[in-house]
Amino acid sequence: MRADPTRPLSLLARSAWASLLALVAFLGVTGFALDRAYYEGTRTAERDRLQSYLYAYLAGFDMRRDGTLIPPDAPPQPDFDRPGSGLYAVISDRKGTRWASRSARGRELPAAGELQPGQTDFRGPLYGASVGHVFVLSEGIAWDVPDGKPRHLTLHIAESDQAFERQIGAYRRTLSLWLLGLGVALLAMQQMLLRWSLSPLRRVRAELLRVQRGVASTLSDDYPPEISGLTRGFNTIIRAERENLERQRNTLSDLAHSLKTPLAVIRARFESGADAPPQVCHDVLEQVRRMDGIVAYQLSRSAAKGRQTFAAPVRVAPHAESLVLGLEKVYAARQVLCEFDIDPDAHFYGSEGDLLEILGNLVENAFKWARSRVLLSVHRVHEAAALREGLEILVEDDGPGIPPERVEHLLQRGARGDERVQGHGIGLAIVVDLVHAYRAELAVSRSGALGGAHFRLRFPPIR
């Protein structure tokens, strides 16, 4: 499943990316600094080694009165006598090469120039056509000749950079492996610490999900101080929502009951033969019956709780089956048969009374208008990343159906009085109100299977 690019990153993902970037930057700078330090240290060691060869040659050389150089009997390192060994020694002056070690004969070192006495120059790696890349240490010398003018010479000691590069390459590979391993270990450790630190938040989410599904009533109290205020706020909201719903239901119920009692008295008075013209009695009784229907309707509405964020799940199958069995007995004379297609795991997240009100009114309406068949279907509505699944209820009959021009008017919110009793009575108006209360969707069309009315009620999943 592909992640939604517009969805914000989780706290753990944000911390992981921030840690990764910081760690890469830190290890990169650290690796660069260590690499440069080792490189410069190894280069300094190379210079010191060439310096020791240079001093050894200076100690071993001698010069005749005519200026001829007398080399030492043995070089400071045997590779100076081995051709192509990568270690070279050359003495030159302004006129050119005066002496070269056996390894340097026939080879041309990179031009280093002539230096003044006491002047030292270390460079490299320099490229020479016949020797490749080499480090070159040069030092100017003033050689005193008895009874003669001092001779200005320059001693060059050169060494191939192959050993140097192998050493640097081995160090870099080792450093990279260690830094990579250290980075992975630090990142894994940091992720474990982050997961442990964020575990109370994951617990809050899990408990909220349990409350939304109706498994628990409130959040627990054993949270760290940084989160305990949040959980107490959630518990306060949960209790306030339930108390408000209960208070509203009680208020509406009390109001409806308070109206129902005087209406019953008026109705009984006129039905008992009150001294009034027959037409007046008829008109008053008609209005009383109408008001009584409105009160009954408001009583049903007051019992409806509507959509609740924290509601216990109610299984649909047993309630639907018992309801249909009762209606089949009521309409036994008409021989109406109701067929089932109910998911046994389907749940309604709300009041059991609301579920019975919806199913009872829709199915009874179908029984009322059906010729012989009614079909009740209940299915779950799945959606990725939803906190709880939705529900779809389908009720079909083989009756005359509902004219298309009446459907829009039928589903208008707030239809009252005669507008809601024509054709379908008070029950359908209660269903419409409950649909709005639960933020559900109600569609009315013609049944393709049975030919009559087709009611489709859909409760969307909660994300």
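The values are calculated or read from the model by the stated rules, or taken from the named source; none is laboratory data. Computed from a predicted structure; not experimentally measured. No Cβ is skipped: glycine too gets one built from the backbone with ideal geometry, and neighbour counts run over all protein chains shown.
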- Query: Applying the selection to segment 141-166, what residues are assigned to a helix (DSSP H, G or I) and surrounded by 15 or more Cβ atoms within 10 Å (Cβ to Cβ)?
  - Reply: Phe164
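Which of the residues that make up segment 352-403 are of a type in the set (A, V, I, L, M, F, W, C), more than 17 Å from Gly427 (Cβ to Cβ) and touching a strand residue (DSSP E or B) at 6+ places or on another chain (Cβ under 8 Å)?
Once the filter is applied, which keeps residues that are of a type in the set (A, V, I, L, M, F, W, C), more than 17 Å from Gly427 (Cβ to Cβ) and touching a strand residue (DSSP E or B) at 6+ places or on another chain (Cβ under 8 Å), segment 352-403 yields Leu375, Val378, Val381, Ala386, Leu387, Leu391, Leu394.
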- Mind listing whichever residues of segment 179-236 are of a type in the set (S, T, N, Q) and loosely packed, with under 13 Cβ neighbours inside 10 Å? Ser199, Ser220, Thr236
- Task: Scan segment 352-390 for residues that are crowded, with 22+ Cβ neighbours inside 10 Å, free of Cβ contacts under 8 Å to residues at least 60 places away in the same chain and polar (S, T, N, Q) and jot them down.
- Result: none
- Of the residues that make up segment 42-58, is at least one assigned by TED's automatic domain parsing to the domain that holds Ile141 and not in a helix (DSSP H, G or I)? no
- Evaluation of Trp99 against (1) under 22 Å from Gln116 (Cβ atoms); (2) in a helix (DSSP H, G or I); (3) among the aromatic types (Phe, Trp, Tyr) (one fails), failing number: (2)
- Item | Single residue of Ser138, Ser130 found to be in contact (Cβ under 8 Å) with a residue 24 or more places away in the chain, of a type in the set (S, T, N, Q) and part of a loop (DSSP other than H, G, I, E, B) | Ser130
